[in-house]
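Undergrad: What follows is a single structure, and I will ask about it in a moment.
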């Protein structure tokens with residue numbers, strides 16, 4: 001699952017020439033901190049940095065202040 005999400009996001013990032021934010025929603029995106037962590041880890045090359053405590057608390061903002069990509073959880 002994580003690899004498929006990474007492939008899809010990476011493909012769209014390439015087509016758009018970058019990304020401002022990644023938003024996690026619905027069942028797994030909203031409720032699985034471990035999946036969000038794995039996806040963001042795979043996308044670290046974008047400059048995405050996860051705030052682990054905020055991620056465990058389900059956000060809504062789960063990026064660090066120095067992250068180049070905003071990371072959000074929306075129920």
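None of the figures in this text is laboratory data; all of them are computed from the coordinates on show. Not measured: the values here are computed from a predicted model. Using ideal geometry, Cβ is built from the backbone for each residue, glycine included, and neighbour counts are taken over all protein chains shown.
Undergrad: Counting other C-beta atoms within 10 Å, which of 74, 22, 28 has the fewest, and how do the rest follow?
TA: Listed from fewest to most nearby Cβ atoms, that is 74, 28, 22.
Undergrad: Rank these for me by crowding, 23, 73, 39, going from fewest to most other beta carbons within 10 Å.
TA: By the 10 Å Cβ count, ascending: 23, 73, 39.
Undergrad: Taking the 0 to 90 degree range and rounding to the nearest ten, how far is the long axis of helix 2-16 tilted relative to the main principal axis of the chain, both from C-alpha atoms?
TA: Long axis of 2-16 versus the principal axis of the chain: about 50 degrees.
Undergrad: Pull out a ≥ b ≥ c, the square roots of the eigenvalues of the alpha-carbon gyration tensor of the chain, then state rounded if a/c is under 1.5, prolate if not and a/b is larger than b/c, and oblate in the remaining case.
TA: The shape class here is oblate.
Undergrad: Roughly how tilted is helix 33-42, in degrees to the nearest 10 and between 0 and 90, from the longest Cα axis of the chain?
TA: Approximately 20 degrees, to the nearest ten.
Undergrad: For the chain, what does the relative contact order come out to in percent, with C-alpha contacts under 8 Å and a separation of six or more?
TA: Relative contact order of the chain: 34 percent.
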